[in-house]
Amino acid sequence: MRNVWWPLFECFDDLHPEYEIPDWRGRSYFGDFAYLPDPLKFMIEIKGYGPHVRDMDRVKYTHELNRELYLQSLGFRVIAIAYDDVEQRPELCRHLLKMMFSRFQPQNKPIDRSTISEKEIIRLALSSSLPISPKLVSQHLSINYRTSVRLLQSLCTKGWLAPIPSCTGQRIHHYRLVKGSLDFIDL
């Protein structure tokens, strides 16, 4: 808490140590920390190498995975952090937690609609196994076709998407993510 949480948040609001939850077998399970800023739910597990790796057998390993899946089914986002990182690299833990939680916090500066739409198009492209099209974007965002084309072209200009020309090379019908572009995108 002293090395990671306090330097990051300077308070313990919504943080609950040794948070008890009955598991799928009806037994009490105690998570290391539950962070519950309404309506979000995070379970933070500090995992030591010994009890969570070296000393595990197949049954314990199976229970560990089932427990994490059960927590996720209850709406928790499970965050596992190595005890060694907390002890030896707390700055890394702070950085990773800040990245995780910042996705769920409103930004202090105003954001225009096109930026939000562009981020959602990137998410759509990430979740799709095929290239995306203006029609797909139009349906996904409930916007007109021309607006979806404009947004896709903007993402191409920024270098995040690349157009895929048709067989004749005269029209663009699909777009794909540019390899390496995600390193610069703050989703």
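The values are calculated or read from the model by the stated rules, or taken from the named source; none is laboratory data. Model, not experiment: these values are computed from the prediction. Heads up, the Cβs are rebuilt from the backbone with ideal geometry, glycines too, and the neighbour counts pull from every protein chain shown. Ligands, DNA and RNA are excluded from the accessible area calculation, which covers all protein heavy atoms including side chains. Shrake-Rupley method; radii C 1.70, N 1.55, O 1.52, S 1.80 Å.
Worth a mention:
- Filtering the stretch 12-33 to residues that are closer than 18 Å to residue 100 by Cβ and in contact with a helix residue (DSSP H, G or I) (Cβ under 9 Å, 6 or more places away or on another chain) leaves 12, 15, 31, 33.
- Residue 127 over 18 Å from residue 113 (Cα atoms), free of Cβ contacts under 8 Å to residues at least 12 places away in the same chain and touching a strand residue (DSSP E or B) at 6+ places or on another chain (Cβ under 6 Å): no
- Residue within the stretch 15-35 that is β-branched (Val, Ile, Thr), in a strand (DSSP E or B) and under 19 Å from residue 87 (Cα atoms) present: no
- Single match in 37, 131, 90 (criterion: closer than 30 Å to residue 166 by Cα and modelled with pLDDT of 90 or more): 131
- Yes/no for residue 25 being open to solvent by 80 Å² or more (accessible area, probe 1.4 Å), over 16 Å from residue 2 (Cα atoms) and either touching a strand residue (DSSP E or B) at 6+ places or on another chain (Cβ under 6 Å) or not assigned by the TED database to the domain that holds residue 6 (or both): no
- Any chance residue 139 is surrounded by fewer than 17 Cβ atoms within 10 Å (Cβ to Cβ) and at pLDDT 90 or above: yes
- The set of residues in the stretch 150-187 being under 12 Å from residue 134 (Cα atoms), modelled with pLDDT under 90 and aliphatic (A, V, I, L, M) consists of 172 alone.
- Test: residue in the stretch 51-66 that is within 19 Å of residue 94 (Cβ to Cβ) and either within 24 Å of the chain's Cα centre (by Cα) or of a type in the set (Gly, Ala, Ser) (or both): no
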